[in-house]
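Peer 1: One structure follows; several queries about it will come next.
The values are calculated or read from the model by the stated rules, or taken from the named source; none is laboratory data. As the structure is a computational prediction, the values presented were derived from the model and not from experiment. Positions of Cβ are generated from backbone atoms using ideal geometry, with glycine treated the same way; all protein chains shown enter the neighbour counts. Accessible surface is based on the protein model in full, side chains and every heavy atom, while ligands, DNA and RNA are left aside. Shrake-Rupley method; radii C 1.70, N 1.55, O 1.52, S 1.80 Å.
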Amino acid sequence: MSATPRRPRAIRARRVAIFGAGKVGRALAAGLRRAGYRVTLRSGRRAVPREVDADVIVLAVRDGRISEVASALCGRVSARAVCVHVAGALGPEALAPLARSCAGLAQMHPLASFASSARPPDLRGVTALVTGDRAGATGARALARAVGMVPRSFPGVDLVAYHTAAALVANGSAALAAAGAELLAAAGVPVRARDAMLGALMKTVAVNVTALGTSSALTGPVRRGDAAAVERQRAVVSARAPGLLPLLDALVRAQLPLAKALGDAPPGTLETLEALLAPKKSAPARQPARGSHPRKARPGR
Ligand SMILES: NC(=O)c1ccc[n+]([C@@H]2O[C@H](COP(=O)([O-])OP(=O)(O)OC[C@H]3O[C@@H](n4cnc5c(N)ncnc54)[C@H](OP(=O)(O)O)[C@@H]3O)[C@@H](O)[C@H]2O)c1
């Protein structure tokens, strides 16, 4: 007697409702759909529906609106659902209004830069910081893995410090690229070439940071202790883009401890560089000679 073939168990695609059709909301929706999830993407500014029929609810609205949207969703989500937000600096407590309405709450922050809805970043290998209660974190981790991210949790992590690091690196790099483009313009590089040149350069730095670590990714005149080169750079910036001099100086200063640890600079050269950056002492104000009186301003002049 031949065995009756087993009927494949119907796999119910998990349903995800995303509130907030901005840069992150759209990127997650596209990634989850590719992974086979059934996704509903809703505006984060419109009124929420009376009932949200989903296993996972993602709030991808602006940080200041998370608690407001969570309050609006109160009593409208399934008791078995988990609710997740994607902000970096806020823990799962930002969703507190939903605590009694659903099975779990979590934060799932993608540590990536989403600058355009039309060009979402490749999320493969991106860290997703997950904090939350057991059910919430389990749901958030599954969601992160579905789009190729690597979920990570660090008990007791200081979210404001964590998010400051994220913002400093992501947004600071964008501002740095803009500063670089200004100098390339001053150098005579045509506008059409600048962005591609800088983007490719930044990719090599990113690869070095991943492969070698932040402490070994430094290159350039500061690492080599070439104070003369840094002096020339300061001179050209002072002349061509003086607004960028404080940025250049701050970044040279930030490189000094890295260069010291790497040990490639000849002895004394990093001290020369440090002196180059030291604020110049202003000349002391001239004291009036004894017995003399400050001259009164003459009226009418
Ligand atoms: N961008 C990133 O790189 C990044 C990275 C990690 C985490 N996050 C987090 O992801 C969440 C969403 O960020 P996002 O970058 O996706 O923000 P976003 O593109 O600005 O979209 C977020 C929400 O802002 C609304 N919105 C769009 N334009 C607006 C305007 N002019 N005035 C008021 N509201 C407007 C959108 O409403 P509609 O839905 O109605 O269109 C959307 O719900 C935040 O919690 C953020 O911290 C962002």
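Peer 1: Only one of these is more than 17 Å from the chain's Cα centre (by Cα) and closer than 30 Å to ARG100 by Cα: ALA140, ALA181, ALA241, ALA227. Name it.
Peer 2: The match here is ALA140.
Peer 1: Hey, another quick one. Just checking, how many residues over segment 41-63 are open to solvent by less than 60 Å² (accessible area, probe 1.4 Å) and either among the β-branched types (Val, Ile, Thr) or free of Cβ contacts under 8 Å to residues at least 12 places away in the same chain (or both)?
Peer 2: Residues that pass the stated criteria total 6.
Peer 1: Inspect all residues belonging to segment 207-224 and state whether any of them is open to solvent by less than 40 Å² (accessible area, probe 1.4 Å), in contact (Cβ under 8 Å) with a residue 24 or more places away in the chain and in a helix (DSSP H, G or I).
Peer 2: Yes, the conditions are met somewhere in segment 207-224.
Peer 1: What number of residues within segment 112-129 satisfy the criterion of being near the ligand (Cβ under 9 Å from one of its atoms), out of contact with any Gly (no Cβ under 8 Å at 6 or more places or on another chain) and open to solvent by 50 Å² or more (accessible area, probe 1.4 Å)?
Peer 2: 2
Peer 1: Hey, another quick one. Here's a check for you: in segment 59-109, which residue that is among the β-branched types (Val, Ile, Thr) and not in a helix (DSSP H, G or I) is farthest from ASP158 (Cα to Cα)?
Peer 2: Residue satisfying both the conditions and the ranking: VAL77.
Peer 1: If you take the residues of segment 130-145 that are small (Gly, Ala, Ser) and open to solvent by 30 Å² or more (accessible area, probe 1.4 Å), which of them is nearest to ALA27 (Cα to Cα)?
Peer 2: ALA142
Peer 1: Could you run through segment 154-186 and say how many residues are open to solvent by 50 Å² or more (accessible area, probe 1.4 Å) and either at pLDDT below 95 or within 15 Å of the ligand (Cβ to nearest atom) (or both)?
Peer 2: Total meeting the criteria: 9.
Peer 1: Also, quick follow-up: Does segment 89-99 contain any residue that is more than 10 Å from the ligand (Cβ to nearest atom), without any contact (Cβ under 8 Å) to a residue 24 or more places away in the chain and either within 26 Å of the chain's Cα centre (by Cα) or surrounded by fewer than 23 Cβ atoms within 10 Å (Cβ to Cβ) (or both)?
Peer 2: Yes, because at least one residue in segment 89-99 is more than 10 Å from the ligand (Cβ to nearest atom), without any contact (Cβ under 8 Å) to a residue 24 or more places away in the chain and either within 26 Å of the chain's Cα centre (by Cα) or surrounded by fewer than 23 Cβ atoms within 10 Å (Cβ to Cβ) (or both).
Peer 1: Only one of these is of a type in the set (Lys, Arg) and near the ligand (Cβ under 9 Å from one of its atoms): ARG50, ARG76, ARG45. Name it.
Peer 2: From the options ARG50, ARG76, ARG45, the qualifying one is ARG45.
Peer 1: Name the residue that is most open to solvent (accessible area, probe 1.4 Å), counting only residues in segment 227-270 that are more than 18 Å from ALA181 (Cβ to Cβ) and not in a helix (DSSP H, G or I).
Peer 2: PRO267
Peer 1: Follow-up question, since we're still on this one. Among the residues of segment 66-77, how many are open to solvent by 70 Å² or more (accessible area, probe 1.4 Å) and under 15 Å from ALA96 (Cβ atoms)?
Peer 2: 1
Peer 1: So which residues in segment 79-88 are surrounded by 20 or more Cβ atoms within 10 Å (Cβ to Cβ) and more than 14 Å from the ligand (Cβ to nearest atom), if there are any at all?
Peer 2: ALA81, VAL82
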